[in-house]
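In what follows, a structure is listed as C-alpha coordinates, so that the remarks can point back to it.
The values are calculated or read from the model by the stated rules, or taken from the named source; none is laboratory data. Treat the numbers as computed from the prediction; the structure is a model and nothing was measured. Because the Cβ atoms are built from the backbone with ideal geometry, glycine has one as well, and the counts that use them run over all protein chains shown. The accessibility values were calculated without ligands, DNA or RNA, using every heavy atom of the protein model including side chains. Shrake-Rupley method; radii C 1.70, N 1.55, O 1.52, S 1.80 Å.
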Amino acid sequence: AQSVTQLDSQVPVFEEAPVELRCNYSSSVSVYLFWYVQYPNQGLQLLLKYLSGSTLVKGINGFEAEFNKSQTSFHLRKPSVHISDTAEYFCAVSPSMFSGGYNKLIFGAGTRLAVHP
Amino acid sequence: GAGVSQSPSNKVTEKGKDVELRCDPISGHTALYWYRQSLGQGLEFLIYFQGNSAPDKSGLPSDRFSAERTGGSVSTLTIQRTQQEDSAVYLCASSLTGGSTDTQYFGPGTRLTVL
(Lines give C-alpha, C1' and ligand atoms only; values in the text may rest on other atoms or scores of the structure.)
Protein backbone atom coordinates (compact mmCIF):
# COMPACT_ATOMS: atom_id res chain seq x y z
CA ALA A 1 0.00 0.00 0.00
CA GLN A 2 1.04 3.58 -0.54
CA SER A 3 0.47 6.78 1.39
CA VAL A 4 1.39 10.42 0.87
CA THR A 5 1.98 13.07 3.50
CA GLN A 6 2.01 16.74 2.66
CA LEU A 7 3.55 18.36 5.65
CA ASP A 8 2.00 21.80 5.35
CA SER A 9 -1.72 22.38 4.91
CA GLN A 10 -1.19 26.06 4.13
CA VAL A 11 1.82 28.04 2.94
CA PRO A 12 1.61 31.84 2.81
CA VAL A 13 4.33 33.58 0.84
CA PHE A 14 4.98 37.00 -0.65
CA GLU A 15 5.10 37.54 -4.38
CA GLU A 16 8.55 36.96 -5.94
CA ALA A 17 9.72 34.95 -2.94
CA PRO A 18 10.84 31.32 -3.30
CA VAL A 19 8.61 28.53 -2.09
CA GLU A 20 8.94 24.85 -1.23
CA LEU A 21 5.96 22.55 -0.75
CA ARG A 22 6.89 19.37 1.04
CA CYS A 23 5.79 15.85 0.20
CA ASN A 24 6.81 12.55 1.72
CA TYR A 25 5.55 9.16 0.67
CA SER A 26 5.51 5.62 1.96
CA SER A 27 5.35 2.55 -0.24
CA SER A 28 6.34 -1.11 -0.15
CA VAL A 29 6.79 -1.10 -3.94
CA SER A 30 8.44 1.21 -6.41
CA VAL A 31 6.32 4.20 -7.34
CA TYR A 32 5.99 7.08 -9.72
CA LEU A 33 5.45 10.55 -8.27
CA PHE A 34 3.26 13.41 -9.40
CA TRP A 35 2.39 16.97 -8.47
CA TYR A 36 -0.99 18.34 -9.50
CA VAL A 37 -2.34 21.89 -9.10
CA GLN A 38 -5.96 22.86 -8.59
CA TYR A 39 -6.98 26.45 -9.24
CA PRO A 40 -10.21 27.68 -7.62
CA ASN A 41 -13.30 25.95 -9.01
CA GLN A 42 -11.28 23.95 -11.51
CA GLY A 43 -10.13 20.37 -11.91
CA LEU A 44 -6.61 19.18 -11.29
CA GLN A 45 -3.81 19.88 -13.75
CA LEU A 46 -0.52 18.01 -13.90
CA LEU A 47 2.49 20.14 -12.96
CA LEU A 48 5.17 17.48 -13.29
CA LYS A 49 5.91 13.82 -12.76
CA TYR A 50 8.88 11.65 -11.88
CA LEU A 51 9.10 8.30 -13.62
CA SER A 52 12.81 7.51 -13.76
CA GLY A 53 16.17 9.02 -14.61
CA SER A 54 17.26 12.41 -13.35
CA THR A 55 15.93 13.08 -9.89
CA LEU A 56 15.32 16.76 -10.68
CA VAL A 57 12.14 17.16 -12.67
CA LYS A 58 11.05 20.38 -14.31
CA GLY A 59 7.39 21.11 -14.90
CA ILE A 60 5.10 23.80 -16.14
CA ASN A 61 4.91 27.37 -14.82
CA GLY A 62 8.50 27.33 -13.57
CA PHE A 63 7.99 24.61 -10.97
CA GLU A 64 10.47 21.83 -10.31
CA ALA A 65 10.66 18.91 -7.89
CA GLU A 66 13.41 16.67 -6.64
CA PHE A 67 12.97 12.97 -5.97
CA ASN A 68 14.94 11.77 -2.97
CA LYS A 69 14.66 8.01 -2.61
CA SER A 70 16.54 7.76 0.67
CA GLN A 71 14.29 10.33 2.31
CA THR A 72 11.20 9.18 0.39
CA SER A 73 10.48 12.78 -0.50
CA PHE A 74 9.36 14.68 -3.57
CA HIS A 75 9.36 18.36 -2.62
CA LEU A 76 8.06 20.97 -5.05
CA ARG A 77 9.92 24.26 -5.50
CA LYS A 78 9.65 27.52 -7.36
CA PRO A 79 12.33 30.21 -7.13
CA SER A 80 9.95 33.15 -7.52
CA VAL A 81 6.18 32.90 -7.15
CA HIS A 82 3.46 35.02 -8.72
CA ILE A 83 0.01 35.94 -7.48
CA SER A 84 -1.35 33.59 -10.13
CA ASP A 85 0.31 30.61 -8.40
CA THR A 86 -2.25 30.85 -5.63
CA ALA A 87 -3.90 27.43 -5.70
CA GLU A 88 -4.01 24.06 -3.98
CA TYR A 89 -1.19 21.66 -4.74
CA PHE A 90 -1.47 17.88 -4.48
CA CYS A 91 1.32 15.36 -4.35
CA ALA A 92 0.44 11.85 -5.54
CA VAL A 93 2.00 8.45 -6.09
CA SER A 94 1.11 5.47 -8.24
CA PRO A 95 2.67 2.00 -8.41
CA SER A 96 5.36 1.83 -11.05
CA MET A 97 5.12 -0.48 -14.05
CA PHE A 98 7.50 -2.83 -12.23
CA SER A 99 4.99 -3.15 -9.41
CA GLY A 100 2.21 -4.16 -11.72
CA GLY A 101 -1.22 -2.66 -11.63
CA TYR A 102 -2.37 0.50 -13.28
CA ASN A 103 -2.13 4.25 -12.84
CA LYS A 104 -3.92 4.37 -9.49
CA LEU A 105 -3.16 7.73 -7.91
CA ILE A 106 -2.97 8.05 -4.15
CA PHE A 107 -3.10 11.70 -3.17
CA GLY A 108 -1.84 13.69 -0.24
CA ALA A 109 -4.19 16.02 1.62
CA GLY A 110 -3.04 19.04 -0.36
CA THR A 111 -1.19 22.26 0.41
CA ARG A 112 -2.89 25.58 -0.09
CA LEU A 113 -0.40 28.11 -1.44
CA ALA A 114 -1.41 31.72 -0.87
CA VAL A 115 0.73 34.30 -2.62
CA HIS A 116 0.41 37.83 -1.24
CA PRO A 117 1.44 41.08 -2.94
CA GLY B 1 -13.99 18.45 -27.06
CA ALA B 2 -10.44 18.99 -25.96
CA GLY B 3 -10.78 18.01 -22.32
CA VAL B 4 -12.75 15.97 -19.84
CA SER B 5 -16.20 17.37 -19.27
CA GLN B 6 -18.60 16.71 -16.41
CA SER B 7 -22.23 17.52 -15.87
CA PRO B 8 -23.92 18.99 -14.04
CA SER B 9 -21.38 21.40 -12.58
CA ASN B 10 -23.52 21.77 -9.47
CA LYS B 11 -26.24 19.55 -8.07
CA VAL B 12 -28.34 20.22 -5.01
CA THR B 13 -30.57 17.40 -3.86
CA GLU B 14 -32.58 16.33 -0.86
CA LYS B 15 -31.53 13.55 1.41
CA GLY B 16 -32.86 10.23 0.18
CA LYS B 17 -33.01 11.16 -3.50
CA ASP B 18 -30.96 9.47 -6.23
CA VAL B 19 -28.49 11.44 -8.33
CA GLU B 20 -26.58 10.75 -11.54
CA LEU B 21 -23.31 12.42 -12.40
CA ARG B 22 -21.93 12.28 -15.91
CA CYS B 23 -18.39 12.25 -17.27
CA ASP B 24 -17.27 12.62 -20.87
CA PRO B 25 -13.61 11.60 -21.15
CA ILE B 26 -11.10 12.73 -23.74
CA SER B 27 -11.80 10.96 -27.00
CA GLY B 28 -9.66 7.85 -27.40
CA HIS B 29 -8.83 7.47 -23.72
CA THR B 30 -9.53 3.94 -22.62
CA ALA B 31 -9.04 4.54 -18.90
CA LEU B 32 -11.49 6.50 -16.78
CA TYR B 33 -11.39 7.24 -13.06
CA TRP B 34 -13.77 8.73 -10.51
CA TYR B 35 -12.57 10.53 -7.39
CA ARG B 36 -14.32 12.28 -4.54
CA GLN B 37 -12.97 15.45 -2.97
CA SER B 38 -14.36 16.42 0.40
CA LEU B 39 -13.17 18.64 3.22
CA GLY B 40 -12.48 15.96 5.74
CA GLN B 41 -11.21 13.23 3.41
CA GLY B 42 -9.18 14.97 0.73
CA LEU B 43 -9.08 13.29 -2.69
CA GLU B 44 -10.33 9.71 -2.59
CA PHE B 45 -10.24 7.21 -5.42
CA LEU B 46 -13.64 5.67 -6.13
CA ILE B 47 -13.48 3.49 -9.25
CA TYR B 48 -11.37 2.75 -12.33
CA PHE B 49 -12.67 1.76 -15.75
CA GLN B 50 -10.68 0.13 -18.53
CA GLY B 51 -12.97 0.27 -21.51
CA ASN B 52 -16.41 -0.63 -20.22
CA SER B 53 -15.13 -2.85 -17.42
CA ALA B 54 -14.36 -1.77 -13.89
CA PRO B 55 -11.43 -3.85 -12.64
CA ASP B 56 -11.09 -1.73 -9.50
CA LYS B 57 -14.17 -0.64 -7.58
CA SER B 58 -12.43 -0.73 -4.24
CA GLY B 59 -13.02 2.94 -3.45
CA LEU B 60 -16.81 2.96 -3.69
CA PRO B 61 -17.87 3.80 -0.12
CA SER B 62 -21.09 1.78 0.01
CA ASP B 63 -23.51 -0.17 -2.11
CA ARG B 64 -25.45 3.05 -2.66
CA PHE B 65 -22.72 4.02 -5.11
CA SER B 66 -22.49 2.51 -8.56
CA ALA B 67 -20.97 3.47 -11.88
CA GLU B 68 -21.09 2.34 -15.44
CA ARG B 69 -19.38 3.17 -18.66
CA THR B 70 -20.84 2.59 -22.07
CA GLY B 71 -19.28 2.49 -25.52
CA GLY B 72 -15.88 2.91 -23.94
CA SER B 73 -16.70 6.56 -23.53
CA VAL B 74 -19.26 8.26 -21.28
CA SER B 75 -19.48 7.22 -17.65
CA THR B 76 -22.24 7.76 -15.12
CA LEU B 77 -21.79 7.68 -11.36
CA THR B 78 -25.05 7.02 -9.54
CA ILE B 79 -25.65 7.62 -5.87
CA GLN B 80 -28.86 6.15 -4.49
CA ARG B 81 -30.66 7.39 -1.38
CA THR B 82 -28.21 10.25 -0.93
CA GLN B 83 -26.99 11.14 2.54
CA GLN B 84 -25.52 14.41 3.79
CA GLU B 85 -22.08 12.82 4.04
CA ASP B 86 -22.20 12.32 0.25
CA SER B 87 -21.81 16.09 -0.19
CA ALA B 88 -18.51 16.59 -2.00
CA VAL B 89 -16.98 17.45 -5.34
CA TYR B 90 -16.91 14.43 -7.63
CA LEU B 91 -14.03 14.50 -10.09
CA CYS B 92 -13.62 12.41 -13.20
CA ALA B 93 -10.33 11.81 -14.98
CA SER B 94 -9.26 9.94 -18.06
CA SER B 95 -5.95 8.68 -19.39
CA LEU B 96 -4.83 7.15 -22.65
CA THR B 97 -4.26 3.55 -21.58
CA GLY B 98 -4.34 3.35 -17.78
CA GLY B 99 -0.65 2.44 -17.80
CA SER B 100 1.47 3.40 -14.82
CA THR B 101 3.26 6.20 -16.65
CA ASP B 102 0.06 7.76 -17.98
CA THR B 103 -1.04 11.28 -17.17
CA GLN B 104 -4.56 11.57 -15.85
CA TYR B 105 -6.55 14.51 -17.18
CA PHE B 106 -9.21 15.81 -14.84
CA GLY B 107 -12.58 17.36 -15.47
CA PRO B 108 -13.83 20.41 -13.55
CA GLY B 109 -15.93 18.30 -11.20
CA THR B 110 -19.52 18.15 -10.06
CA ARG B 111 -20.26 19.79 -6.72
CA LEU B 112 -22.95 17.75 -4.96
CA THR B 113 -24.81 19.22 -2.03
CA VAL B 114 -27.22 17.01 -0.11
CA LEU B 115 -29.64 18.95 2.06
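Brief remarks on what is shown
- For chain A, modelled as a GNM whose springs connect Cα atoms under 10 angstrom apart, the maximal fluctuation among A:N41, A:N68, A:N103 occurs at A:N41.
- In segment A:1-39, chymotrypsin sites (Phe, Trp or Tyr not before Pro) in a DSSP loop with at most 12 other beta-carbon atoms within 10 Å: none
- For segment B:8-66, alpha-carbon Rg relative to the globular expectation (2.2 N^0.38 Å, N residues): 1.24
- In this structure chain A gives 48 Å² per residue of accessible area when probed at 1.4 Å with all protein chains present.
- Surface share of carbon and sulfur [accessible, 1.4 angstrom probe, percent] for the protein assembly as shown: 49 percent
- Using a 1.4 Å probe over protein heavy atoms, the accessible area lost on pairing A with B, summed over both chains, comes to approximately 1700 Å².
- For segment A:71-76, 3J(HN,Hα) per residue [Karplus equation, 6.51 cos²θ - 1.76 cosθ + 1.60, θ = phi - 60°, Hz, x = Gly/Pro]: 9, 6, 10, 8, 7, 9
- Share of alpha-carbon pairs per 10 Å distance bin for chain B, given as whole %: 15, 50, 29, 5, 0
- Using every pair of distinct Cα positions in the protein assembly as shown, the Kirkwood expression returns a hydrodynamic radius of 18.2 angstrom.
- For segment A:1-105, applying the loop criterion from DSSP together with a ceiling of 13 other beta carbons within 10 Å to the trypsin sites (Lys or Arg not before Pro) yields A:K69.
- Once the 1.4 Å probe is applied to the protein heavy atoms, chain B comes out at 46 Å² accessible per residue.
- Highest-MSF residue in chain A out of A:L44, A:L76, A:L21 [GNM, Cα springs under 10 Å]: A:L44
- Eigenvalues of the alpha-carbon gyration tensor of chain A, scaled by 5 and square-rooted, set the equivalent ellipsoid semi-axes at 25, 14, 12 angstrom, largest first.
- Karplus-derived 3J(HN,Hα), 6.51/-1.76/1.60, for each residue of segment B:53-65, Hz, glycine and proline x: 9, 10, x, 9, 10, 5, x, 5, x, 7, 6, 6, 9
- In a DSSP loop and with at most 14 other Cβ atoms within 10 Å, the trypsin sites (Lys or Arg not before Pro) in segment B:44-103 are B:K57, B:R64, B:R81.
- Applying the Karplus relation 6.51 cos²θ - 1.76 cosθ + 1.60 with θ = phi - 60° to segment B:109-115 yields 3J(HN,Hα) values of x, 10, 8, 9, 10, 10, 8 Hz, where x marks Gly and Pro.
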